[in-house]
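The numbers here are math on the coordinates, done by the rules we state, and not lab data. Keep in mind the model is a prediction, meaning the values are calculated, not measured. Cβ atoms come from the backbone with ideal geometry, glycine included; neighbour counts cover every protein chain shown.
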Amino acid sequence: MAPVVQVEQLDKRYGDVRALDHISFEVEPGEWIAIMGPSGSGKTTLINILGGLDHPTGGRVVVDGLEIGNLGERELTRYRADKIGFVFQQFHLVPYLTALENVMLAQYFHSITDEKEAEEALRRVGLGDRLDHVPAALSGGEQQRVAIARALINQPKVILADEPTGNLDEANEGIILKLLRELHDAGHTILVVTHSQAIGNLADRRVELEHGRLARIVSPSLAKD
Amino acid sequence: MSSRSMFLRILWKLLGASRGRLAVALIALTSGAAVCSALLNVNLDAERKLTQEFRTLGANVVIAPPSGGNEAALADAAILDRIASLHLARIVATAPYLYVAANSGSQPVILAGTWFDQVSKMNSWWKLEGGAVTSRDDREDCLVGVTAARQLGLSPGSSVQLRSGERNISFTVAGIVTTGGAEDNQILTNLDSVQTFAGLPGRVSLVQLSVSGTPAEIVEVTQKLAENLPELDVRPVRQIAAAEGTILGKIRGMIFWTIALILILSMLGVLASMAALAMERRRDVGLMKALGGTVPRIMRLFLAEAGALGAVGGLIGFLLGVVLARWIGERIFGVVISARFEVLPITILLTVGVALAGSFPLRLLGRVRPAEILRGE
């Protein structure tokens, strides 16, 4: 099966600062990848480029057969709507929209809105009784679950999660991890930026960065063996 | 749910979410719209009322036979019937005049015959001392211009004897009239009396008309009269037409520039609110772009929000403007200014335009880079 993500010799510079230095790896469909490394190692830069939020300086990034490095703003916007589901550390929900409307917002920018489908997505993350709550009326864990429902609603090819449990307590972290595992079991391709060893251990592989370079790719199951 | 329903749903939430800032923008828009609506109402209504007022300032069209070097050229009084048969609604008053040179004792004086009922309609500013002559059948009384009265030693109640060649006529002075014009040197009486006295039945020296309307409308009436009375000279009285045009032009100019200034001030008010709002919405726009929202699609939401604000501000402003116009009319012009509903769409369009122009800072949000806004690291 062809890899869903191919990263070849990826470079990213901000002036004289080299944020990513010749990174190469591939992700198979349905794989769960943990991107790990210390602060400033380039994890978020990598996930921003994969998500079409930033442009590489050099190298090649292909997602679902589409080389995104040379896409213009309009094509990148379409790419984000069609192929990517984002989950952010800060949740990033629109504060004046309800949980349901936040999910429908992603539908709105993708194609057409389907309220029933959005409700179903929220039920899947256990928020069937919180549809009409605005983010301020939800706990951190619930907000992140809304964000996950929003990320899934357009059946993206890849889910990109940047520190999805970084702002959550242990109980809520457990709920989010369980959800990610369910998504993985359902065949979703997930790339998670994390500092959490627990998430790293759940992933199929860990891509570890140091100073913008690929330090190693570890397969936890093999490491345990 | 259709995209339009979702669009309206988000728009509604946007309006509710920033009530404070939008209220400030709405106040700026409503205030501007109220002043614009008031001034436009005043402009339209005052123009109509002022043209009515101008009609009390004397004739603005004169019809006379071409002099051809002969100052005493006369026209047939039948032209009065021909003018009436044209049914020109803008003609407010028609006053024929026949001028005859006469003597009172040894003093030469001009005797003018006219229709006083018509003269009073177009010369309401004439000052009269004593009584008036009102009926066209009154063959006894005359009015004497203030200068002529002084020269001839006449006062209300005295009688005056006039002679022209072998003909004599006498009148009782009903009143002394001050006009500020040529009439101050004349004796005025009924047309029939003068035609009989001068032996010129059915003849007039000229016809003065008071025509209502804007300068352009007056020109239109003048052209129609000239077409139908080709043997006569039909001339607008230039001083009055020019004064009317100048005053209306100045009022229009003042209103135009005041409206422009008010709209600019309103726009600055909106601009200030929207700049603050744009700062608050940077994160939302970054997120929307990350979720696949194109810049035009996101901007449509914000422009619709500004447009809705403008429409509401324009509507409320129009209603307030009607009240303000009424107050201005009563306090300044002493007239009741009625609501002109053609001002409503103009006010709303202007206010929506101001709201859209004032929402410029929101349009700059299109440049937001989502990666910078959403950066978690």
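Considering only A:D204, A:D169, A:D82, the mean-square fluctuation computed in a Gaussian network model of chain A, springs between alpha carbons under 10 angstrom, is largest for A:D169. Of all DSSP beta bridges confined to the protein assembly as shown, the antiparallel ones make up roughly 65%. Rounded, prolate or oblate: which one fits the range B:146-216, using the alpha carbon gyration tensor with axes a ≥ b ≥ c (rounded when a/c is under 1.5, else prolate when a/b beats b/c, else oblate)? Oblate, because a/c is 1.5 or more while a/b does not exceed b/c. Net charge of the neighbourhood of B:A95, taken over other residues with C-beta under 10 Å away and scored Lys/Arg +1, Asp/Glu -1, is 0. Neighbour counts of other Cβ atoms within 10 Å put B:W327, A:W32 in the fewest-to-most order B:W327, A:W32.
The mean sequence distance of close C-alpha pairs (under 8 Å, at least 6 residues apart), as a share of the length of the range B:61-236, puts its relative contact order at 35 percent.
Overall dimensions of the range B:61-236, expressed as equivalent-ellipsoid semi-axes from the Cα gyration tensor (√(5λ), whole Å, largest first), are 29, 18, 13. The residue among B:A77, B:T214, B:W126 whose Cα reaches farthest toward the positive pole of the charge dipole of the range B:61-236, with charges on the beta-carbon of Lys, Arg, Asp and Glu, is B:W126. Orientation-averaged projection of the range B:260-304 equals 3.5 nm² [convex hull of Cα atoms, one quarter of hull surface area]. About the centre of its Cα atoms, the range B:61-236 shows a dipole size close to 180 debye [charges on the beta carbon of Lys, Arg (+1) and Asp, Glu (-1) only; nearest 20 debye]. Legend: mean number of C-beta atoms from other chains within 10 angstrom of residue C-beta atoms, peptide A:41-52, equals 3.
Put simply, the protein assembly as shown fits an ellipsoid with semi-axes of 93, 21, 18 Å; these come from the alpha carbon gyration tensor as the roots of five times its eigenvalues, largest first.
Calculated mean residue ellipticity at 222 nm for chain A: -10500 deg cm²/dmol, from DSSP H runs with n ≥ 4 weighted as -39500 (n - 2.57), summed, divided by the residue count and rounded to 500. Considering the dipole of chain B built from charges on the beta carbon (Lys and Arg +1, Asp and Glu -1) around the Cα centre, which of B:V354, B:V204, B:L319 is farthest to its positive end? Going by the charge dipole, the pick is B:V354. On the beta carbon distance between A:E26 and B:A304, with R0 = 45 Å, the FRET formula returns roughly 0.55.
Using the charge dipole of the protein assembly as shown (Lys, Arg: +1 at Cβ; Asp, Glu: -1 at Cβ; taken about the Cα centre), state which of A:L66, B:L303, A:T44 has its Cα farthest towards the positive end. The residue sitting farthest along the positive end of the dipole is A:T44.
With all pairs of different C-alpha atoms in the average, the Kirkwood value for the hydrodynamic radius of the range B:186-298 is 21.2 Å. The alpha carbon convex hull volume per residue for the range A:154-225 rounds to 115 Å³. Where only DSSP H runs of four or more residues are counted, chain B gives -18500 deg cm²/dmol as its mean residue ellipticity at 222 nm, each run worth -39500 (n - 2.57). Computed on the range B:227-377, the Cα convex hull volume stands at 177 Å³ per residue.
Note on chain A: GNM, Cα springs under 10 Å; of A:V192, A:V125, A:V87, the largest mean-square fluctuation is that of A:V125. Simple spin-label estimate for B:A275 and A:D169 gives 4.3 nm between the two label positions (7 Å along the Cα-to-Cβ direction from each Cα). The distance separating the Cα centre of the range B:85-113 from that of the range B:279-312 comes to 73 Å.
For B:A311, project a label point 7 Å along Cα to C-beta. Then give me every residue of the range B:321-353 with its amide nitrogen under 15 Å of that point. The answer is B:345-353. Average projection, convex hull of the Cα set of chain B: 26.7 square nanometres.
Paramagnetic label reach from B:S67 (point 7 Å along Cα→Cβ; backbone nitrogen cut-off under 19 Å): within the range B:182-225, residues B:182-186, B:204-209. Using 1/(1 + (r/R0)^6) with R0 = 22 angstrom and r between the beta carbons of B:S159 and B:S124, what's the FRET efficiency to the nearest 0.05? It comes to 0.20. Built from the Cα atoms of chain A, the convex hull projects on average onto 12.4 nm², one quarter of its surface area.
With r defined as the distance between the Cβ atoms of A:A215 and B:R282 and R0 fixed at 56 Å, what FRET efficiency is calculated, to the nearest 0.05? It comes out at approximately 0.95. Seen from A:E75, the other residues with C-beta closer than 13 Å to its C-beta sum to a net charge of +1, counting Lys and Arg as +1 and Asp and Glu as -1. Taking chain B as a Gaussian network of alpha-carbon nodes connected by springs under 10 Å, the highest mean-square fluctuation of the residues B:K127, B:K250, B:K13 belongs to B:K13. Over all other residues within a Cβ to Cβ distance under 14 Å of B:F318, the charged ones net out to +1, with Lys and Arg as +1 and Asp and Glu as -1. Multiplying the residue separation of B:I251 and B:R369 by 0.36 nm and removing their Cα-Cα distance gives an extension gain of 37.5 nm.
Computed about the Cα centre, the dipole magnitude for the protein assembly as shown is approximately 520 debye when only Lys and Arg (+1) and Asp and Glu (-1) carry charge, each at its Cβ. Residue exposure proxy: B:T147, A:T165, ordered by other Cβ atoms within 10 angstrom of their Cβ from fewest to most, comes out as B:T147, A:T165. Exposure proxy shown here: for A:S196, A:S24, the number of other Cβ atoms within 10 Å sets the order, fewest to most, as A:S24, A:S196. About the centre of its Cα atoms, the range B:169-310 shows a dipole size close to 1220 debye [charges on the beta carbon of Lys, Arg (+1) and Asp, Glu (-1) only; nearest 20 debye].
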